[in-house]
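Okay, structure first, notes after.
Just so it is clear, none of the values below were taken in a lab; they were calculated from the coordinates. If you're wondering where the values come from, they're calculated on a predicted model, not measured in any experiment. Glycine gets a Cβ as well: all are built from the backbone with ideal geometry, and neighbour counts include every protein chain shown.
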Amino acid sequence: MALTRIYLIRHAETIWNNERRYQGTLNSPLSELGWDQSYRTRDALRHAPLRAVYSSPLVRAQETADVIAAPHGLPVMSVDGLSEIRVGEWEGLTTSEIEARYAEAVHRWYTTPHLARIPGGETIEEMRARAVRAFEEIRRRHEGETVAIVAHGGVNKSVILTALGAPLASYWRIRQHNACINVLEYGGTRVRVLLINETAHLESA
């Protein structure tokens, strides 16, 4: 049986990541470190037999994906369903600003993320539904092939939890560093998670 391998990558660091500012669906360009992380991720996947590269439509994911796709001569295909969770009223605010203004909502977000709705934003379940649907469409389109998907921390965690059959209540038990690599492998209906939050290629940075 031909195996389908998917490299699921979080975008590299942005200026707002460095400022601890919530991005959600807003755009923030990669930072200087972020560009370096993108190049290191490109080098880590240079010899992977990629047949396609997909990305969230948000700039930080697109920039990261463009760098990764370049050595393979592949275009980056944008998929709306891979966008980060919408964080509504928190978009553009720093962590400290959110904690000061939305103490009760922040407490729910960190203690019961599967039950929380960020004011004006999505629930994790709503994000998971669209992200997994987009992910599965890509997987089915490339059965027996190897592809890369560049998305976001929230999207990646929801996809990984779904693959593991784990509840969304475990959302905060998975870490996704900027430019980390996750690897999922599919054979028929069976899925195996081979790597989570791999950052060895970034260590010297």
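Under a point spin-label approximation (7 Å from Cα along Cα-to-Cβ), what is the L115-N197 distance to one decimal in nm?
It is 2.5 nm.
With charges only on Cβ, +1 for K and R and -1 for D and E, what is the dipole size of the stretch 114-171 about its Cα centre, in debye, rounded to 20?
60 debye
Once you place label points 7 Å from the Cα toward the Cβ at Y39 and R108, how far apart are they in nm?
4.5 nm
Within 10 Å of each residue's Cβ, count the other Cβ atoms and sort V150, V132 from fewest upward.
By the 10 Å Cβ count, ascending: V132, V150.
Quick one: angle between helix 59-69 and the longest Cα principal axis of the chain, in degrees between 0 and 90, rounded to 10, please.
Once rounded, one gets 20 degrees.
Across the stretch 101-142, what fraction of all alpha-carbon pairs, as a whole percent, falls in each successive 5 Å bin from zero upward?
Final binned percentages: 5, 22, 21, 16, 12, 10, 8, 4, 2, 0.
Of all DSSP beta bridges in the stretch 47-167, what percent run antiparallel (nearest 5)? Walk me through the numbers on the way to the answer.
Details: 1 of 9 bridges.
If we restrict to bridges inside the stretch 47-167, about 10 percent are antiparallel.
Between the helical axis of 124-141 and the dominant principal axis of the chain, each derived from Cα atoms, what acute angle in degrees is found, rounded to the nearest 10?
Approximately 10 degrees, to the nearest ten.
Taking the C-alpha atoms of the stretch 74-149, how large are the radius of gyration and the largest Cα-Cα span, Dmax, in Å?
16.1, 49
Which value at 222 nm does the chain reach when only helices count, each DSSP H run of 4 or more adding -39,500 (n - 2.57), with the total divided by all residues and rounded to the nearest 500 deg cm²/dmol?
-11000 deg cm²/dmol
What shape does the stretch 112-205 have by the C-alpha gyration tensor, where a ≥ b ≥ c are the square roots of the eigenvalues, rounded means a/c under 1.5, and otherwise prolate means a/b greater than b/c and oblate the rest?
Working: a/c = 1.81, a/b = 1.19, b/c = 1.51.
Oblate is the answer for the stretch 112-205, as a/c is 1.5 or above yet b/c matches or exceeds a/b.
Could you work out how far apart the two model spin labels at E143 and T189 are, taking each label as a point 7 Å from the Cα in the direction of the beta carbon, and quote it in nm?
1.3 nm
Please find the FRET efficiency linking E97 to A129, where r is the Cβ-Cβ separation and R0 is fixed at 25 Å, and quote it to the nearest 0.05.
0.30
How much of the DSSP beta bridge set in the chain is antiparallel, as a percent to the nearest 5? The partial results should precede the final answer.
Working: 15 of 29 bridges.
Here the antiparallel bridges make up roughly 50 percent for the chain.
Treating the chain as a set of equal point scatterers at the Cα positions, no solvent, please give the Debye-formula log₁₀ I(q)/I(0) at q = 0.14, 0.17 Å⁻¹.
Cα-only, vacuum Debye calculation for the chain: -0.79, -1.16.
Among D43, D80, which comes first, second and so on when ranked by fewest other beta-carbon atoms within 10 Å?
On the way: D43 13, D80 10.
Ranked by crowding around the Cβ, least crowded first: D80, D43.
Among P29, P113, P71, determine the one that fluctuates most according to a GNM of the chain built with springs between C-alpha atoms less than 10 Å apart.
Per the Cα network of the chain with a 10 Å cutoff, P71 tops the list.
What does the C-alpha gyration tensor say about the overall shape of the stretch 29-111? Classify as rounded when a/c is under 1.5, otherwise prolate if a/b is larger than b/c, or oblate. Show your work: numbers first, answer last.
Numbers: a/c = 3.06, a/b = 2.29, b/c = 1.34.
Since a/c reaches 1.5 and a/b is larger than b/c, the shape of the stretch 29-111 is classed as prolate.
Picking from T162, T25, T189, which is most flexible by a Gaussian network model of the chain using Cα springs under 10 Å?
Between T162, T25, T189, it is T189 that shows the largest mean-square fluctuation.
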